[in-house]
Amino acid sequence: MASATAVRPVVSALVAARAPLVVPSLAKAKFPADAPWAVRTPPLTEAQLLARYPHMIPGTLRRDPVANKNAVDIRCACGAVRIVYTSDLFHVRACRACKASGK
Ligand SMILES: [Zn+2]
């Protein structure tokens, strides 16, 4: 088995031979605003939200000025009403009590 001291000179020779690492400056990087992935998708209308999330209560879409997010009320299967941000609608269907009880 080779000792660590025998291996080390080879490793340091490889490191020294490597060209200096060139890191492109993030500040210089240009992201075209018209690139497909740069275009922000507009928020869904209430009709679109209702079509996707039938547990949402119609007429409850509003802006939460504190969180700066859109919020709606949802109706849980138990009948309780819960406020949910539209960004969470896709994975929130139950009220807190039902979710905590594992239903
Ligand atoms: Zn519930």
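Quick note: the coordinates plus some simple rules give every number you see, no bench work behind them. Everything numeric in this text was worked out from a predicted model, so none of it was measured. With ideal geometry, Cβ positions are generated from the backbone for all residues, glycine too; neighbour counts draw on all protein chains shown.
When VAL84, VAL66, VAL72 are screened for being β-branched (Val, Ile, Thr) and within 22 Å of SER101 (Cα to Cα), only VAL84 passes. Exactly one residue out of ARG62, ARG75 is of a type in the set (Lys, Arg) and more than 22 Å from the chain's Cα centre (by Cα): that is ARG75.
The one condition from (1) in contact (Cβ under 8 Å) with a residue 40 or more places away in the chain; (2) within 16 Å of the ligand (Cβ to nearest atom) that LEU44 does not meet is (2). Pairs linking a residue in the stretch 74-97 that is more than 19 Å from ARG62 (Cα to Cα) to a residue that is of a type outside the set (Gly, Ala, Ser) and more than 9 Å from the ligand (Cβ to nearest atom), with Cβ atoms under 7 Å and 6 or more positions apart or on different chains, do not occur.
Filtering VAL81, VAL92 for residues that are within 10 Å of the ligand (Cβ to nearest atom), in contact with a strand residue (DSSP E or B) (Cβ under 6 Å, 6 or more places away or on another chain) and among the β-branched types (Val, Ile, Thr) leaves a single hit, VAL81. Considered as a group, the residues in the stretch 56-78 that are within 15 Å of the ligand (Cβ to nearest atom) and surrounded by 13 or more Cβ atoms within 10 Å (Cβ to Cβ) include one that is nearest to THR41 (Cα to Cα), and that residue is MET56.
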